[in-house]
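One structure is given below, encoded as C-alpha cells.
The values are calculated or read from the model by the stated rules, or taken from the named source; none is laboratory data. Every value quoted in this text rests on a predicted model; they were computed, and no experiment measured them. So basically every Cβ, Gly included, is an ideal-geometry build from the backbone, and we count neighbours across all protein chains shown. We work out accessible area using only protein heavy atoms, side chains counted, and drop any ligands, DNA or RNA first. Shrake-Rupley method; radii C 1.70, N 1.55, O 1.52, S 1.80 Å.
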Amino acid sequence: MTSINEQPIPAARPVIGEEEIEAAVRVLRSGRVVQGPEVAAFEEGFSELVDGRHCVAVNSGTSALHMLLLALGIGPGDEVIVPSFSFAASANAVRLVGADVVFADIEPGSFGLDPAAVEAAVTPRTAAVMPVHLYGHPAAMDKLMPIAAKHKLAVVEDACQAHAAALNGTPVGAFGEGGTFSFYPTKNMHALEGGMVTTADAELARTLRLLRNQGMEQRYANEIVGANMRMTDVAAAVGRVQLTKVGGWTEQRRANAAYLDAHITAANVTKPPVAEGARHVYHQYTIRVQGDREAAMAKLTEAGIGNAVYYPTPIHRLKPYWEPDQKAGRNWDLPETERAAAEVVSLPVHPSLGEGDLERIVNAVNALGESL
Ligand SMILES: *Cc1c(COP(=O)(O)O)cnc(C)c1O
C-alpha cells in the first residue's frame, strides 16, 4: 500500500527545467523560431554521440526513419526486415514509403533482432534491415552487419530509445548506412519533440537536408520533391540544453539499473539481459515476469510503483499489418516476440529516482515472488 507520505513513483519523468525554459524563451524573444542556427548547433553537438557522423535534425523520430528510407531510395517493390517487437513507428516508416514490411523474430531471452532469423528472411527483394536498439540496449550489430554486407542490404538503425548506447565501443547510430534518434519527452533526452538522422555518407546527408525542406537548399530552387520535416530553433535550443546533461543522466540510469540488478531476487522475475560488449543505456529497465503478469502489475501499482508494458501487442498483430497479412494468407512465425510481449514489464529507472525510490521498487518486486 502507498502510505500518505509516499508519492507514487512515475514510470518516466521528462525534464523541463529552468535551463530548458530559458533556452526556449531566448529563442522565442529573438523572433527567429524556425530552423536556423540552433538546429545547426544541435546537429553539431549531437554528432559527438555518433563518432562524428553527419547529423540531420527533423521534427520526430518517425520522420527521421521515414526520411532516411526515402533518402536511401527504398520504396514500392522493396522489402525491409523489421522486428515485430518494437514500437509501431519502426514498421510504419517502411509502409509510409510504400515498401513491404517483413517481420523477423528476436533472439531468445533478449529483445533485439535475431541474426539467424534475419538471414532466413532475406529474399531477392530485400533492400534493408532495421535493427531496433530496444529499451536502450544495442542490437547484435556484430552479427547483423556481416549478414547485411553479404546480401548487400542497407542497415537502418532505429536508435530512438538508445542515445549513447554502444556495442564494443561503437555507438549506436554509427553502424549502418543511417541511424535515427527520437527526442520525444520520455526518451533519454528530448527536444519537446524531434528526431535526428545520422550517417557517414555526405551525399545521403545532403539528400536528407533537401527532403526535410521541400527539396530546397537555395530558396525556391527546388531540386527534388521534399516535405516539411524541419525542427524548430525552439526545439533545438531545448535539445542543446539536454545534450549537456544526457551523459550524466545516462550514468545515473546505469547506476539505478545496477542497483536493481543487485537487489531484485524474486525467483519468478528475469532481470534485463546485457550482451557482452554492450553498453546498455536503460531507456527502460524491463523485467520478464513468469506467472500472472496482470496481477503482478496491479500489485506494483498498488505499491505506488509506476510500471508499463512496451509493447503489449507485437506490430504484426496490429490492425494495419494483421489485416492485409491475413488477407494474403501470410502468417509470421515469431514465438520469441509473442513470448516477450506476454512477459515484459518495465520498471522506473529514470535519473530522478532517489535511493528510497529504488528501495521501494526492489521491495515491491521481491514481494511479487511470494504472491504469483
Ligand atoms: C519513440 C520511438 C520512435 C519514434 O519516435 P517519435 O519521436 O515518437 O516519432 C521510433 N522507434 C522507436 C523504437 C521508438 O521508441
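Table: residues versus (1) outside the structural domain of ASN256 (by TED's automatic domain parsing); (2) in contact with a helix residue (DSSP H, G or I) (Cβ under 6 Å, 6 or more places away or on another chain); (3) among the hydroxyl-bearing types (Ser, Thr, Tyr).
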{"site": "GLY277", "(1), (2), (3)": "no, no, no"}
{"site": "TYR282", "(1), (2), (3)": "no, yes, yes"}
{"site": "GLY291", "(1), (2), (3)": "no, no, no"}
{"site": "THR301", "(1), (2), (3)": "no, no, yes"}
{"site": "ASN331", "(1), (2), (3)": "no, no, no"}
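Find all pairs meeting these conditions: Cβ atoms under 7 angstrom apart; at least six residues apart or on different chains; first residue within the range 263-286 and farther than 19 Å from ILE106 by Cβ and without any contact (Cβ under 8 Å) to a residue 24 or more places away in the chain; second residue among the small types (Gly, Ala, Ser) and surrounded by 15 or more Cβ atoms within 10 Å (Cβ to Cβ).
Nothing qualifies.
Residue check: is ASP292 out of contact with any Leu (no Cβ under 8 Å at 6 or more places or on another chain), among the charged types (D, E, K, R) and in contact (Cβ under 8 Å) with a residue 24 or more places away in the chain?
No, not satisfied.
Is there a residue being aliphatic (A, V, I, L, M), more than 14 Å from the ligand (Cβ to nearest atom) and within 24 Å of ALA12 (Cα to Cα) anywhere in the range 162-175?
Within the range 162-175 (the criterion being aliphatic (A, V, I, L, M), more than 14 Å from the ligand (Cβ to nearest atom) and within 24 Å of ALA12 (Cα to Cα)), the answer is yes, since at least one residue qualifies.
Has the range 50-63 got at least one residue that is more than 14 Å from the ligand (Cβ to nearest atom), within 16 Å of the chain's Cα centre (by Cα) and touching a residue at least 12 places away in the same chain (Cβ under 8 Å)?
The answer is yes; a qualifying residue exists.
Just give me the residues in the range 106-119 being away from the ligand (no atom under 15 Å from the Cβ) and either touching a Phe, Trp or Tyr at 6+ places or on another chain (Cβ under 8 Å) or under 20 Å from LYS152 (Cα atoms) (or both), in sequence order.
Step one: of the range 106-119, the residues away from the ligand (no atom under 15 Å from the Cβ) are 107-110, 114-119.
The answer is ASP114, PRO115, ALA116, ALA117, VAL118, GLU119.
Give, as residue ranges, the helices (runs of 4 or more DSSP H) completely inside the range 284-372 that count at least 2 residues that are open to solvent by less than 30 Å² (accessible area, probe 1.4 Å) and farther than 25 Å from ALA12 by Cβ.
Because the criterion is at least 2 residues that are open to solvent by less than 30 Å² (accessible area, probe 1.4 Å) and farther than 25 Å from ALA12 by Cβ, the helices (runs of 4 or more DSSP H) in the range 284-372 that meet it are 319-327.
Does the range 76-88 contain at least one residue that is in contact (Cβ under 8 Å) with a residue 12 or more places away in the chain, open to solvent by 10 Å² or more (accessible area, probe 1.4 Å), within 24 Å of TRP322 (Cα to Cα) and near the ligand (Cβ under 9 Å from one of its atoms)?
Yes.
Sort out which residues of the range 1-52 are aliphatic (A, V, I, L, M), open to solvent by less than 60 Å² (accessible area, probe 1.4 Å), out of contact with any helix residue (DSSP H, G or I) (no Cβ under 9 Å at 6 or more places or on another chain) and not assigned by TED's automatic domain parsing to the domain that holds LEU167, and write them in order of number.
Answer for the range 1-52, where residues must be aliphatic (A, V, I, L, M), open to solvent by less than 60 Å² (accessible area, probe 1.4 Å), out of contact with any helix residue (DSSP H, G or I) (no Cβ under 9 Å at 6 or more places or on another chain) and not assigned by TED's automatic domain parsing to the domain that holds LEU167: ALA11, ALA12.
Counting only residues that are near the ligand (Cβ under 8 Å from one of its atoms) and of a type in the set (D, E, K, R), which one in the range 177-196 is least open to solvent (accessible area, probe 1.4 Å)?
Filtering first and then ranking leaves LYS187.
Looking at the range 213-232, which of its residues are away from the ligand (no atom under 14 Å from the Cβ) and open to solvent by less than 40 Å² (accessible area, probe 1.4 Å)?
Kept after step one, since they are away from the ligand (no atom under 14 Å from the Cβ), are these residues of the range 213-232: 213-228, 230, 232.
Residues satisfying the conditions are ASN213, GLY215, MET216, GLY226, ALA227.
Name the strands (runs of 3 or more DSSP E) wholly within the range 141-260 that hold at least 2 residues that are touching an Asp or Glu at 6+ places or on another chain (Cβ under 7 Å) and in contact (Cβ under 8 Å) with a residue 24 or more places away in the chain? I'd like the intermediate steps shown before the answer.
Numbers: elements: 154-158, 178-182, 195-199.
Filter on the range 141-260 gives 154-158, 178-182.
When only residues in the range 197-212 that are among the charged types (D, E, K, R) and more than 22 Å from HIS163 (Cβ to Cβ) count, which is most open to solvent (accessible area, probe 1.4 Å)?
Going through the qualifying residues, I end up with GLU203.
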